[in-house]
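> Quick one: the structure is below, questions incoming.
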Amino acid sequence: MPRTIVLKFITPVLAVFSGAVVLIAVIGALLPRRHLATRTAVYRQTPAELFAVIANFAAMPSWRSGLSGVEILPPNGGRASFREAAGRRPITYVVLENRPPEKLVLQIADEKLPFGGTWTYEVSPEAGGARLRITEDGEIRNALFRFLSRFVFGYTATMDTYLRDLGRKFGETVAPAT
């Protein structure tokens, strides 16, 4: 094929692709950087049993899908800290609050990531077991990632996976809800 014919086809494709990326970036830039999302699930475990599992960071790779490892780190500012290995980039967390068997608050400790914020785990008694409520108070710094998080992945996708994985750990099928 002559070079001019190839360029006639490639140029419009590249222009459309570039235009789509710019449009996504503009929409992402207009979205708020911060978001708040909450999901809950009910388990047949006692609050103490449930809390013991979610607070045992070293054992998380045995039940969380997509998590290949956890490294317990030295304290960060006097607070417990750990690093999760999942996907392309590890994520370091610091424990802001640990009140067994009721509340655990984790904060992403890496400012270089395109996202950050806290995850608050609240465990409460429920008839025949316990309810786990996860609240993500998040910030998405990158406009493209902000667009994808809002319109493609959803703010609750990671929480839903976590809650379902936790259910499988106990041999239960749970339905995450708001």
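The values are calculated or read from the model by the stated rules, or taken from the named source; none is laboratory data. It should be emphasised that the depicted structure is a prediction, and the values quoted were computed from it without experimental measurement. A quick note on method: Cβ atoms are made from the backbone with ideal geometry, for glycine too, and the neighbour counts reach across all protein chains shown.
> Return the residues of the stretch 110-141 that are in contact with a Pro (Cβ under 6 Å, 6 or more places away or on another chain) and either crowded, with 16+ Cβ neighbours inside 10 Å or assigned to a strand (DSSP E or B) (or both); say none if nothing qualifies.
Scanning the stretch 110-141 gives Val123, Pro125, Ala130.
> Okay, moving on. State all residues of the stretch 123-145 that are in contact with an Asp or Glu (Cβ under 7 Å, 6 or more places away or on another chain) and under 10 Å from Pro47 (Cα atoms); if no residue qualifies, say none. Walk me through it before giving the result.
Applying the first criterion (in contact with an Asp or Glu (Cβ under 7 Å, 6 or more places away or on another chain)) to the stretch 123-145 yields 123, 133.
Matches in the stretch 123-145: Val123 only.
> With (1) in contact (Cβ under 8 Å) with a residue 60 or more places away in the chain; (2) under 15 Å from the mean Cα position of the chain (by Cα); (3) crowded, with 16+ Cβ neighbours inside 10 Å as the list, and Leu50 as the residue in question, which single condition is left unmet?
All conditions are met except number (2).
> Would you call Ala25 of a type in the set (A, V, I, L, M) and over 25 Å from Arg131 (Cα atoms)? Can you show your working first?
On the way: of a type in the set (A, V, I, L, M): yes; over 25 Å from Arg131 (Cα atoms): yes.
In short, yes.
> Residue by residue through the stretch 147-176, note down the ones that are among the basic types (Lys, Arg) and closer than 16 Å to Gly117 by Cβ.
Result: Arg150, single match.
> Here is a list: Arg83, Arg39, Arg44, Arg64. Which entry is more than 28 Å from Arg131 (Cβ to Cβ), at pLDDT 95 or above, surrounded by 15 or more Cβ atoms within 10 Å (Cβ to Cβ) and among the basic types (Lys, Arg)?
After applying the criteria, what remains is Arg83.
> Tell me, yes or no, whether the stretch 89-99 has at least one residue that is within 21 Å of the chain's Cα centre (by Cα), more than 30 Å from Arg146 (Cβ to Cβ), modelled with pLDDT of 90 or more and not basic (Lys, Arg).
Yes, the stretch 89-99 contains at least one residue that is within 21 Å of the chain's Cα centre (by Cα), more than 30 Å from Arg146 (Cβ to Cβ), modelled with pLDDT of 90 or more and not basic (Lys, Arg).
> Please enumerate the residues belonging to the stretch 142-154 that are touching a strand residue (DSSP E or B) at 6+ places or on another chain (Cβ under 7 Å) and either part of a strand (DSSP E or B) or at pLDDT 90 or above (or both).
The answer is Arg146, and nothing else.
> I'd like the full set of residues that are free of Cβ contacts under 8 Å to residues at least 60 places away in the same chain and buried (at least 16 other Cβ atoms within 10 Å of the Cβ), limited to the stretch 150-163.
Thr158
> Output the qualifying pairs, or none if there are none: Cβ atoms under 8 angstrom, residues six or more apart or on different chains, first residue in the stretch 85-98 and over 15 Å from Pro74 (Cα atoms), second residue among the small types (Gly, Ala, Ser) and part of a loop (DSSP other than H, G, I, E, B).
Within 8 Å, the pairs are Ala85/Ser68; Ala86/Gly66; Ala86/Ser68; Gly87/Gly66; Asn98/Ala55.
> Among the numbered conditions (1) part of a helix (DSSP H, G or I); (2) free of Cβ contacts under 8 Å to residues at least 60 places away in the same chain; (3) not polar (S, T, N, Q), tell me where Gly171 comes up short.
Single failed check for Gly171: (1).
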